[in-house]
Amino acid sequence: MSSAKTEAAASQALTPELKAFIAEWKSKPGNLIMVLHQVQEHFGYIPRKVAFEVADLLGVPLARIYGVITFYNFFKLTRPGRNRVQVCMGTACYLRGGEDIILEVEEMLGVGLNTVTPDGEFSIEAVRCLGCCGLAPVMVINGVVYGKVKMESLPGILAQYKKTSQG
């Protein structure tokens, strides 16, 4: 196995810190949600191998883990892009063009909703209300909020996140 593959496989295993967190939460009510949040915070998503480890350490069926992951929109089963583009589809944003923003970003990046660009740089997702209704339509990239987004501003916004170390 190449060192890159070994490193990738190792990066999809629970760290000692995550194992300690699981041990701390194992006997507490609501532990599964808290553990999954912590796992996703670490990996950016819930890797399949890690879901198996969590089930073993918490002593719960794997089906319960996947039931929670698939029920809550927050949890992801696939690695997001390096730049996570989230477009608000709450009522105010939807009425002020949120769907058009999504369609334009999809066109610009060449991928659809809930997918990642082939180079792994961008992923696009629609999210529920971000609580910035007065700034509708709203888009968030890697935690940076863009309000009152206009179609003509999208190329400039996305250009800020394109890989700068090409060449």
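Every read-out reported here was derived from the displayed coordinates using simple, explicitly stated rules and does not represent laboratory data. In this text, all values refer to a predicted model and were calculated from it rather than measured experimentally. Methodologically, a virtual Cβ is constructed for each residue, glycine included, from the backbone with ideal geometry; neighbour enumeration extends over all protein chains shown.
In table form, for the structure just shown:
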item: With at most 16 neighbouring Cβ atoms within 10 Å, loop trypsin sites (Lys or Arg not before Pro) (DSSP) excluded, longest segment of the chain; result: 27-81
item: Gain on full stretching of the segment that runs from K163 to R79 - 0.36 nm per residue minus C-alpha separation; result: 28.5 nm
item: Karplus-derived 3J(HN,Hα), 6.51/-1.76/1.60, for each residue of the range 23-29, Hz, glycine and proline x; result: 4, 5, 8, 3, 9, 8, x
item: Highest-fluctuation residue, Q12, Q38, Q86 considered, GNM on the chain with Cα pairs under 10 Å; result: Q12
item: Ellipsoid equivalent to the chain - semi-axes via the Cα gyration tensor, in Å; result: 33, 21, 12
item: Cβ-defined net charge surrounding G44, 13 Å radius [Lys, Arg +1; Asp, Glu -1]; result: +2
item: Reach of K148 by Cα under 29 Å, taken over lysines that are not fewer than 8 positions away in the same chain; result: K76, K162, K163
item: Under 5 Å, built H, 5+ apart or other chain: amide partners of V127; result: V87, C88, M89
item: Distance in nm between pseudo-label sites at T70 and F52 (7 Å out along the Cβ direction from Cα); result: 1.8
item: Longest segment of the chain lacking chymotrypsin sites (Phe, Trp or Tyr not before Pro) that sit in a DSSP loop with at most 13 other Cβ atoms within 10 Å; result: 75-167
item: Choice from V144, V87, V105 showing the highest fluctuation, given a GNM over the chain with Cα pairs closer than 10 Å; result: V144
